[in-house]
Amino acid sequence: MTRDIAIGLFAGILFGAGLALSGMADPTRVRDFLDILGNWDPTLLFVMGGAIVPMAIAWFVRMQLEKPLAASRFALPDTNPIDARLLLGAVLFGIGWGISGLCPGPALVGIALVPGSALIFVVFMIFGMLMARLVARKEDS
Amino acid sequence: MTLDPDLTILPADVWLRGYIGGTMIGIAAAIMLLGLGRIAGVSGLLARTMAISQSGMRKRVAAAFIVGLPLGGLLFELAFGPVLTRYPPSMLMLVVGGTVVGFGTRLGSGCTSGHGVCGVSRLSPRSLLATATFIGSGMLTVILMKYWELGW
């Protein structure tokens, strides 16, 4: 096993265990966060707040580094251009998130916790991703 | 099923579990950034793993992260007992929700992790706007589903 695969696996395990601990593997709790007019549950804000602190420090450290510790260069997305595709994608993602209470990370963790239901969601999520690629290809051509 | 606070070293408070779990997520994302120079966006890494996206890190590394997610959940359950998971009551919600989430996250280049954690902590204008948008449309969706009694 090469080093980058080991790092990826370790990060994935830590991420997945963190999701399980956080309560975000429970779609009902996520929907209760979105239900601001009902019995509102603020847990998601604590999860995001907890995640943003180490990540903000990491962005600061990244500025002092010429290259990553175990790769040849930083390969990071642009932060600026805002276009219709970004907005439409975010609107649609929010709708699916609201319907199911699931986003990609918790759904993948769910494969270990609630195999049947989570697997159905993940299979159709991959189907949706394939559809998005078809649409993008048509637009580009 | 829920965790029995008397039988575990984990804190009983839901918000504190959320904060500690969130910190673990943030450290995992920091490892991806500082170790591999990449964004830990789950939708992007899944697309890379399934060869839906051609750009990004080596496919095997993306796949290792994706496999790690359920593995982390499994190890957590083995260590601390069952995790509370209250799923949608109908197959239709899983099918429609999954399809729309997959389509939207690819079109919008990210989800709760890529935009919501990695992008927001970098103060990326794209990610700040995307995060506000999907939280807003998610809230509207839940409120309308309750109003039309499609809720669960």
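Summary of computed values
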| item | result |
| --- | --- |
| Amide hydrogen neighbours beyond the local backbone of B:SER53, cut-off 5 Å, H modeled | B:ARG48 |
| The stretch A:3-140 - percent relative contact order, Cα under 8 Å, separation 6 or more | 28 |
| Highest to lowest packing among B:97-104, A:104-111, A:64-71, scored as the average C-beta count within 10 Å | A:104-111, B:97-104, A:64-71 |
| Average other protein chain Cβ within 10 Å of Cβ, residues B:46-55 | 3 |
| Taking chain B and dividing mean pair separation by its residue count, relative contact order in percent (alpha carbons under 8 Å, at least six apart) | 25 |
| Calculated on alpha-carbon atoms, Rg and Dmax of the stretch B:87-152 in Å | 13.5, 39 |
| Protein heavy-atom accessible area occluded, B/A pair - total, 1.4 Å probe, Å² | 9500 |
| Relative contact order for the stretch B:16-104, counting Cα pairs under 8 Å that sit 6 or more residues apart, in percent | 15 |
| Pairwise label distance in nanometres, B:TYR147 with A:LEU45, each label 7 Å out on the Cα-Cβ vector | 2.3 |
| Global form of the protein assembly as shown, assessed from the alpha-carbon gyration tensor, a/c cut-off 1.5 | rounded |
| Estimated D of chain B in µm² per second, where Rh is the Kirkwood radius over Cα pairs and Stokes-Einstein applies at 25 °C, 0.890 mPa s | 140 |
| Prolate/oblate/rounded call for chain A, Cα gyration tensor, a/c under 1.5 rounded | rounded |
| Positive-end residue, the stretch A:1-107 charge dipole about Cα centroid, Cβ charges, pick of A:SER22, A:PHE74, A:VAL53 | A:PHE74 |
| Kyte-Doolittle mean at least -1.0 and Cα axial length at least 18 Å: DSSP H helices in chain A | A:3-22, A:43-64, A:84-100, A:115-140 |
| Whether the stretch B:1-86 is rounded, prolate or oblate, judged on the alpha carbon gyration tensor where a/c under 1.5 counts as rounded | prolate |
| Per-residue HN-Hα couplings for the stretch B:26-40 [Karplus 6.51, -1.76, 1.60; θ = phi - 60°; Hz; x = Gly/Pro] | x, 5, 4, 5, 5, 4, 5, 5, 7, x, 10, x, 10, 7, 7 |
| Net charge of neighbours whose Cβ lies under 13 Å from the Cβ of B:GLY108, counting Lys and Arg as +1 and Asp and Glu as -1 | +2 |
| Order of exposure, largest accessible area first, which applies to B:LEU16, A:LEU86 with probe 1.4 Å | B:LEU16, A:LEU86 |
| Surface accessible to a 1.4 Å probe, per residue, for the residues of chain B, Å² | 43 |
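The values are calculated or read from the model by the stated rules, or taken from the named source; none is laboratory data. Here the structure is a predicted model, which means the values were calculated and not measured. FYI the Cβ positions are ideal-geometry reconstructions off the backbone, even for glycines, and counts take in every protein chain you see. Note: accessible area is taken over every heavy atom of the protein model, side chains too, but ligands, DNA and RNA are not part of it. Shrake-Rupley method; radii C 1.70, N 1.55, O 1.52, S 1.80 Å.
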